[in-house]
Structure formats: C-alpha cells, structure tokens
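Here is the structure we will look at.
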Amino acid sequence: MGALAALACSKMNLSPIRYPGGKGKLAAKIAGIIDASTVRNGVYIEPFAGGAGAALSLLFSGKVQTIVINDVDKAVASFWKSILNETERFVQKIHATAVTIDEWRNQKAVYQNQVDRCSFELGFAFFFLNRTNRSGILTGGPIGGFEQKGDWKLDCRFNKDRLIEQIVEIAKRKKQIRVYNQDIFDFIERYLPRYQDNGFIYFDPPYFNKAGRLYKNSFNEEQHRKLHDAIVCLNAPWIVSYDNVPNICRIYSDVASEPLSINYCAAKKGTGSEIMFYCPELARLYLKTRKQSPS
C-alpha cells in the first residue's frame, strides 16, 4: 500500500485535479451509503467524473474494486487516459516543464486549439492550466496574474513531487479504472448497462446556477429534466447531487432527498448549499433509517 492509499480515508484529496465543486470530501458519506446498499466489492461509477476525488478515495480504501469515470470534456478525459496509459511520459513531462507565464501561454494555446480527439498533449495542457489557474477554472487567469505581483505565485499549487506521487499511485491501479469520454446520455444508454450488476452510480451534474462560469459543458433546464428522466429509470443504486435551488428541487420532486453543506473554494472559500437525491432503494435502506436514528 502506497502512502496515498494509507491516507485514503482521511480528508486529503487523492486527485491531482482541482475541480469546482469537487466532491472528494463526500467520499466518507458515499462509503456509508454503499454500505447500506446491496453492492459489495462492486463498481463505482461517476458519469460526471471531473477530478474523480470521491472515486479515487473509494478505490484506494478498498470500498470498491473498480471505478468507472466518464467526462464529456475531451481535455479531462485526455488527462485521465494519459496518466494511466502513458504514466512515465507524463511524469517526465512534469519534471521537464517550467512553471512560468510563458509556459502557461504555451499550454493555454494547446488547450484552446484542441482537436476533436483525446491526446497526451491536451491532457497535459489541461493538467497544467488546472494547477496554475485561479481555483483550477480553465477559463480563469493565472494565479498571481500575468505580472506575478500577487501574494500567490503561479507555482503555488504545482508541487511537482507531490503531484507525481499522486499520479504514480493512481497509475498502479489502472487495471481497476475505466475511463470514457462520452456524452452523458450516450454513456447512460450504451455504456452504463455494462456495469449495472453490482454497480453504484453517483451523478454529480453541472450546477444549475453559474454553471456556464464554472464548467465548459453546462446544461440548460431542459437537459436537466432529460437527465432526471434517464436517471429515475435506471436499474441500479444511484444518488445525485446538485446545488440546492428551487428549479432542481421541482425537477427531482418525485424522489427522496436531503440537504448537504459542502465546503468549496471556487472563486472564494465558503460553504455551499447543496442537495442529494436518492433512488427508492437507497431512500429505504439508507436515508429513511438514518433519519429515524436518534441524534
């Protein structure tokens, strides 16, 4: 067991990716929900993976045997595929790359000029910008500004030794990790059925509010409704988390829910009000029992 695996149940994020609304801190809660379900030594599936913090924590701790991570963003998928399939090349690239504003501009150009396919170059550009942009937001500017006159400099979130350690530990488990780059509805229809037996699905869609600022691929209200309709028909345990806003509560008014408080650091530190929805099986096995337990 590596050093990161030993910390898998702690509050430390195992993902090398900084992500707006990242749910790594929910790993302990999700582990408890899995325990209450019928899934044992199963497959954990994140159709909106992003930084996959919760998925990695569950895998490293042995709560699940396999994780399936999907992201429609080719840059995100390129990163995951690159660190799993070209680990040594990626590590050498980190070693060799200077963390400077000139390099930031180079990687920004690679990211902006991406073609319609996954690639090592795109995966590294995403990684570099994610670690050097304010709050990890790809559309944001560099930490410390272009003149580097701020209190925080460009490399303050780019600890090479630490990031390499994370990537190497993840790559050791590549046989237990499946990566997809699919539109969410194609993924649900074509790929999700492969894993539904003994599978547990966590949907973390783009926020309803401010999604266009935080994510490259945001949803309109019609797409949120379409996603709801696809999720409630699934024959596997599932949970969904969203920002707690009236529109989402109306869309998911037919399923059980509970509020969440999530610490986040996109733009500024604070606590966001979110909500989690549960399939009927988990509402009965986890949520109802939990609510009836003495406080």
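The values are calculated or read from the model by the stated rules, or taken from the named source; none is laboratory data. All values derive from a computational prediction rather than experimental measurement. Every residue, glycine among them, receives a Cβ derived from its backbone with ideal geometry; neighbour counts consider all protein chains shown.
So here's what we get for this one:
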| read-out | value |
| --- | --- |
| Some residue of region 91-109 being farther than 30 Å from Glu147 by Cβ, hydrophobic (A, V, I, L, M, F, W, C) and in contact (Cβ under 8 Å) with a residue 12 or more places away in the chain | yes |
| Unique match (being at pLDDT below 95, under 20 Å from Gly53 (Cβ atoms) and outside the structural domain of Leu192 (by TED's automatic domain parsing)) among Gly123, Gly140 | Gly140 |
| Tally, over region 138-149, of residues that are within 21 Å of Val76 (Cβ to Cβ), in a loop (DSSP other than H, G, I, E, B) and more than 19 Å from the chain's Cα centre (by Cα) | 2 |
| Qualifying positions in region 250-262 - in a helix (DSSP H, G or I) and either buried (at least 20 other Cβ atoms within 10 Å of the Cβ) or of a type in the set (Val, Ile, Thr) (or both) | Ile251 |
| Among (1) buried (at least 17 other Cβ atoms within 10 Å of the Cβ); (2) out of contact with any Asp or Glu (no Cβ under 7 Å at 6 or more places or on another chain); (3) among the hydrophobic types (A, V, I, L, M, F, W, C); (4) in a helix (DSSP H, G or I), the one test that Ala109 misses | (1) |
| Pairs where the first residue, in region 38-56, is within 13 Å of Ile184 (Cβ to Cβ) and the second is buried (at least 24 other Cβ atoms within 10 Å of the Cβ) and of a type in the set (Lys, Arg), C-beta under 9 Å, 6+ apart | Glu46/Lys23; Gly50/Lys23 |
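Matching residues to (1) surrounded by fewer than 24 Cβ atoms within 10 Å (Cβ to Cβ); (2) at pLDDT below 95; (3) of a type outside the set (Val, Ile, Thr):
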{"residue": "Gly22", "(1), (2), (3)": "yes, yes, yes"}
{"residue": "Ile33", "(1), (2), (3)": "yes, no, no"}
{"residue": "Leu56", "(1), (2), (3)": "no, no, yes"}
{"residue": "Ser61", "(1), (2), (3)": "yes, no, yes"}
{"residue": "Asn70", "(1), (2), (3)": "no, no, yes"}
{"residue": "Ala75", "(1), (2), (3)": "yes, no, yes"}
{"residue": "Phe79", "(1), (2), (3)": "no, no, yes"}
{"residue": "Ile83", "(1), (2), (3)": "no, no, no"}
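Every residue, every condition in (1) of a type outside the set (Ser, Thr, Tyr); (2) at pLDDT below 95; (3) farther than 30 Å from Val39 by Cβ, yes or no:
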{"site": "Phe127", "(1), (2), (3)": "yes, no, yes"}
{"site": "Gln166", "(1), (2), (3)": "yes, no, no"}
{"site": "Val179", "(1), (2), (3)": "yes, no, no"}
{"site": "Arg190", "(1), (2), (3)": "yes, no, no"}
{"site": "Ala211", "(1), (2), (3)": "yes, yes, no"}
{"site": "Lys216", "(1), (2), (3)": "yes, yes, yes"}
